[in-house]
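Trainee: Just passing along the structure, written as structure tokens.
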Amino acid sequence: MKICVIGCGNVARVLKEKLEEELVFYDRHPEKCKELCENCFFEDPIEMFESGCDLIVEAASPKAVEELGLEAVKRADLLVLSVGALINEELREKLIKVAEESGHKVYVPSGAIAGIDAIKALREVGIDEVRITVRKNPKSLGVETSEEKVLFEGSAEEAVKKFPFNVNVVATLKLASGAPVKVRVVADPKVDRNIHQIEVISKASNVFIRVENVPSPYNPKTSYLAILSVLRTIKEIAKGGVLRVGT
Ligand SMILES: NC(=O)C1=CN([C@@H]2O[C@H](COP(=O)(O)OP(=O)(O)OC[C@H]3O[C@@H](n4cnc5c(N)ncnc54)[C@H](O)[C@@H]3O)[C@@H](O)[C@H]2O)C=CC1
Ligand SMILES: O=C([O-])CC(=O)C(=O)O
């Protein structure tokens, strides 16, 4: 399997360390790819997409999904990590349409959260409410404060606009649940983990999820779990397999 990666940052680095598949990269800053590997990067994303990718992994930014998502999914299956971009219904629908027309898939891994399996199942009875509190060290949220501070309370749509590199998980919750998602973002100098606390209220179950994620090695904003989730998704795609576990 040949995997083409958009973005040569933290996620890309770990993929390079952990995967045995053939990997090639593109980044709007080619010097970042050069650091990663001298001979396996492209300066032009379309050239990379046309080099015969089996899977394109977006590990860059919501902006990259807007700029390159459609061109990517025309040519291969696409895994989107900057899920915040998909909260935009117009872009999401276009991406789905192009994927259908070209016979490709769009994968959205669970990323830095858990419980997507139950949330998808509960959709069958309708979900009344989803709430998430994202708690990170102030440094990860780009603020300075010596005490706990609520930076944001509002909708998923507003949250992803305000914190494009910190709350992609909110968009994942929204896509999985189909319900309104109420978001709080808290800067907490006492924590050194990225903590996501989720409550899902429905007729069939109330679900309470708390993940306390170790930040990833090259970017503390991004939880290591998010990269593990990408790795596992790629391995399951590569393996095919008949046994599918989880909703
Ligand atoms: N779905 C989820 O649960 C999670 C999603 N993420 C998202 O995954 C993405 C990757 O994360 P990291 O590797 O930690 O970020 P990073 O900041 O370490 O690396 C991103 C790389 O992408 C490049 N890039 C950004 N915009 C681009 C564009 N428009 N075109 C080409 N290259 C571009 C940057 O130059 C940088 O080298 C981020 O958007 C992050 O917010 C992170 C954590 C959890
Ligand atoms: O990695 C995390 O903890 C969450 C994150 O940055 C995001 O959702 O964008």
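The values are calculated or read from the model by the stated rules, or taken from the named source; none is laboratory data. Quantities reported herein were computed from a predicted structural model and do not represent experimental measurements. Because the Cβ atoms are built from the backbone with ideal geometry, glycine has one as well, and the counts that use them run over all protein chains shown. For the accessible areas, the whole protein counts, side chains as well, though only heavy atoms, and no ligand, DNA or RNA atoms are used. Shrake-Rupley method; radii C 1.70, N 1.55, O 1.52, S 1.80 Å.
Trainee: So how strong a dipole does segment 187-247 carry about its Cα centre when Lys and Arg Cβ are +1 and Asp and Glu Cβ are -1, to the nearest 20 debye?
Mentor: On the way: 9 positive and 5 negative charges, 48 e Å.
That gives segment 187-247 a dipole magnitude of about 240 debye.
Trainee: Also, quick follow-up: Just to confirm the number: angle between the C-alpha axis of helix 89-102 and the first principal axis of the chain, 0 to 90 degrees, nearest 10?
Mentor: With both axes taken from Cα atoms, the answer is about 40 degrees.
Trainee: Work out, step by step, the length gained on full extension between TYR218 and VAL150: first 0.36 nm times the residue separation, then minus their alpha carbon distance; give nm to one decimal. Let's see the in-between values first.
Mentor: Working: separation 68, 0.36 × 68 = 24.48 nm, distance 2.58 nm.
The TYR218-VAL150 span can extend by a further 21.9 nm.
Trainee: Let me ask something else. Using a Debye calculation, one point per C-alpha and no hydration shell, please list log10 I(q)/I(0) for segment 1-77 at q = 0.14, 0.19 Å⁻¹ in order.
Mentor: Treating every Cα as an identical point scatterer, log10 I(q)/I(0) equals -0.36, -0.69.
Trainee: Sorting check: for 164-172, 227-235, 188-196, 15-23, which peptide has the highest mean count of neighbouring beta carbons within 10 Å, and how do the rest follow?
Mentor: Numbers: 164-172: 24.2, 227-235: 19.1, 188-196: 17.4, 15-23: 14.6.
Top of the packing list down: 164-172, 227-235, 188-196, 15-23.
Trainee: Got a sec? Which residues in segment 9-34 would a label at PHE165 touch, if it sits 7 Å along Cα→Cβ and we count backbone N under 15 Å?
Mentor: Flagged as within label range: 9-13, 28-29, 32.
Trainee: So between GLU20 and ASN206, what do we pick up on full extension, going 0.36 nm a residue minus the alpha carbon distance?
Mentor: Working: separation 186, 0.36 × 186 = 66.96 nm, distance 4.02 nm.
Computed gain between GLU20 and ASN206 is 62.9 nm.
Trainee: Solvent-accessible area per residue for the chain at a 1.4 Å probe radius, Å²? Don't jump to the answer; show the numbers that get you there.
Mentor: Values: 12540 Å² over 247 residues.
Normalised by residue count, the accessible surface of the chain is 51 Å².
Trainee: Evaluate the charge dipole of the chain about its Cα centre and quote only its size in Debye, nearest 20, assuming +1 on the Cβ of each Lys and Arg and -1 on the Cβ of each Asp and Glu.
Mentor: Working: 35 positive and 38 negative charges, 161 e Å.
For the chain, the charge dipole is close to 780 debye.
Trainee: Quick one: helix 168-177 against the long Cα principal axis of the chain, what's the angle to the nearest 10°, folded into 0 to 90?
Mentor: The angle comes out at about 80 degrees.
Trainee: Mind checking the angle between helix 62-75 and the chain's longest principal axis? C-alpha axes, 0 to 90 degrees, to the nearest 10.
Mentor: Compared with the principal axis, the helix lies near 50 degrees.
Trainee: Provide the packing ranking of 62-69, 238-245, i.e. peptides ordered by the mean count of other C-beta atoms within 10 Å per residue, highest first.
Mentor: On the way: 62-69: 20.1, 238-245: 7.6.
Going from most to least packed, we get 62-69, 238-245.
Trainee: Then there's this: Please identify every one of the chymotrypsin sites (Phe, Trp or Tyr not before Pro) in segment 196-247 that sits in a loop by DSSP and has no more than 16 other beta carbons within 10 Å of its own beta carbon.
Mentor: Here the chymotrypsin sites (Phe, Trp or Tyr not before Pro) that fit, given the DSSP loop and packing criteria, are TYR218.
Trainee: Okay, moving on. Which shape class, rounded, prolate or oblate, goes with segment 117-247 when its Cα gyration tensor gives a ≥ b ≥ c as root eigenvalues, a/c under 1.5 marks rounded, and past that a/b bigger than b/c marks prolate?
Mentor: Numbers: a/c = 2.23, a/b = 1.27, b/c = 1.76.
Note, shape of segment 117-247 comes out oblate.
Trainee: Moving to a separate point now. Considering only DSSP beta bridges whose two residues both sit in the chain, what percent are antiparallel, to the nearest 5? Don't skip to the end; give the middle numbers.
Mentor: Details: 24 of 48 bridges.
Taking every DSSP beta bridge with both residues in the chain, the antiparallel ones total about 50 percent.
Trainee: Can I ask one more? What relative contact order, as a whole-number percentage, does segment 73-203 give when Cα pairs under 8 Å and 6 or more residues apart are counted?
Mentor: Values: 241 pairs, mean separation 46.5, N = 131.
About 35 percent, as a whole number.
Trainee: Which percent of Cα-Cα pairs in the chain sits in each 5 Å bin, short to long?
Mentor: P(r) for the chain, in whole percents per bin: 1, 6, 13, 17, 19, 17, 13, 8, 3, 1, 0.
Trainee: Can you tell me the order of 116-129, 144-157 when each peptide is scored by its average per-residue count of other Cβ atoms within 10 angstrom, highest first?
Mentor: Numbers: 116-129: 16.8, 144-157: 14.1.
In decreasing order of mean packing, 116-129, 144-157 become 116-129, 144-157.
Trainee: Oh, and also: For LYS235, give me every one of the lysines with a C-alpha distance below 20 angstrom, ignoring sequence neighbours fewer than eight places off in its own chain.
Mentor: LYS2, LYS16, LYS18, LYS105
Trainee: Of all accessible surface on the chain at a 1.4 Å probe, what whole percent is carbon and sulfur?
Mentor: Details: 5920 of 12540 Å².
In the chain, the share of accessible area belonging to carbon and sulfur is 47 percent.
Trainee: Same structure again: Could you report the accessible area of CYS53 in Å², rounded to 10, computed with a 1.4 Å probe on the protein chains as they sit in the structure?
Mentor: 10 Å²
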